Ligand SMILES: Nc1nc2c(c(=O)[nH]1)N[C@H]1C(S)=C(S)[C@@H](COP(=O)(O)O)O[C@H]1N2
Ligand SMILES: [Mo]
């Protein structure tokens, strides 16, 4: 043994190190799968992966988040989970490799991840101590698997690799115990037991797959809520919306429809997993600086006289020409009536709305109590119960403000307070405290880069200045004169407006820009600014070719 050449032993040693890393990967994967399964039973947010991911979302610097939304759009969450999976996989592999080199070190790494997962889960909004269970049990399963699998590989060092290699323990033969066995009484077998290793890792991998499959089956919670949602019949409106004029839709091919269907309505939120809120468990509390705090449950809410209102919702992160904007018919109960019932106290100037997922938005109290503004606690969207990802069972919709300061989904509390005392989720993350929507316009037709037939070219799009209204839209080609576009009709100032213009363009490449003027006579600035901190400005400009 002792005379084995280094070359002859290095190869199997490297192979064994790789197997150890594989053991870490399998053990870690099993732990995560078990935590997924348990969290499917206990609470969806309690899994190691989601608690960790949510913490990353909350802790991410604002710039990174803007970057993520800009580059990955709504896929940002998939990208985050993918990267987390990659980091965890590398970490688990490392744990296996370390565990083989020095017993206890890899285990410690796994335990660290488990404890962190448990702590992050318990720290989630609405969490209880029980939320620690998935991470704790997950690690509790992963650790013995890792130990057993690594032990099956035999000790690192002389007994397998021969003495004199120098890099590892210098003890020979069976005396290698303490270095690789971690002081366990059962001395490790001197040679790798590949069969046993395969049995352990194979069983663990199979177990992980089973746990994942079971977690899908068990996460019936989400399906149950979906079933409740689809059975729910929206109440009729006591105050119906103004009818949409026939002329609100210009029916130009490629132009965004006046009403945005639910399935193409943009979605923005920090929720890695859409909160599953059963209306039976839902309530809204009106708290804070009020004389009459109260709590309202689902049955009481849906029995109240409902109002319908068309509102165009916009995200502050929308870049010029972007698609984080949509128009829907909302059904809900006026927020001002809820606030009136609670009787806000003098000195209050903000309502901090809170979601079951911890998100908060700070909205000026005067906006929500304004008798001229229909701000809703909405339960319906385009004639359907709110889609789960748009806030089922209830959310806020406030005309004229960006979503981040007003449109709380899965809302559970309205706290009457002051801007001095409280702040919404995004304010400490680099976004403005107040978020009135800026006048904006977008060209939908032609598409940038398109090739169109020559002569009269139809240019069309949408423009919005919620709660103020759009009074004019102009376009210009190739830095020529501004040409007034035709405006479609609209329900009112709280929604966007379609527009259309015909330009006479010769063959070649053309650049077309658009600008809107709101009902206060303010024309959109051409000064370009990014979305942060309070909404992008600049003219949407596209280039296309006339054949
Ligand atoms: N609970 C919760 N509500 C939220 C958010 C969030 O992250 N969490 N994001 C807000 C933002 S930034 C916007 S733009 C709107 C988007 O609503 P939508 O996804 O229905 O289009 O929701 C708002 N409500
Ligand atoms: Mo947003």
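Here are a few things to note about the model shown:
- Residue 280 fulfils the conditions (1) over 21 Å from residue 357 (Cα atoms); (2) surrounded by fewer than 17 Cβ atoms within 10 Å (Cβ to Cβ); (3) touching a residue at least 24 places away in the same chain (Cβ under 8 Å); (4) in the same structural domain as residue 394 (by TED's automatic domain parsing) except for a single criterion, (1).
- Comparison of 111, 79, 105 shows that the only residue that is under 21 Å from the mean Cα position of the chain (by Cα) and either assigned by TED's automatic domain parsing to the domain that holds residue 35 or more than 30 Å from residue 315 (Cβ to Cβ) (or both) is 79.
Conditions (1) assigned by TED's automatic domain parsing to the domain that holds residue 280; (2) within 16 Å of ligand 2 (Cβ to nearest atom); (3) more than 21 Å from residue 314 (Cα to Cα), marked per residue:
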position: 337; (1), (2), (3): yes, no, yes
position: 353; (1), (2), (3): yes, yes, no
position: 368; (1), (2), (3): yes, no, no
position: 372; (1), (2), (3): yes, no, no
position: 384; (1), (2), (3): yes, no, no
position: 392; (1), (2), (3): yes, no, no
position: 403; (1), (2), (3): yes, yes, no
position: 407; (1), (2), (3): yes, yes, no
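- Residue satisfying all of: in segment 378-412; over 16 Å from the mean Cα position of the chain (by Cα) and at positive phi; farthest from ligand 1 (Cβ to nearest atom) among these: 383
The rows are residues; the columns are (1) within 15 Å of ligand 1 (Cβ to nearest atom); (2) touching a strand residue (DSSP E or B) at 6+ places or on another chain (Cβ under 8 Å).
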residue: 316; (1), (2): yes, no
residue: 336; (1), (2): no, no
residue: 345; (1), (2): no, yes
residue: 375; (1), (2): yes, yes
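The values are calculated or read from the model by the stated rules, or taken from the named source; none is laboratory data. Quick caveat: nothing in here was measured; it's all calculated off a predicted structure. A quick note on method: Cβ atoms are made from the backbone with ideal geometry, for glycine too, and the neighbour counts reach across all protein chains shown.
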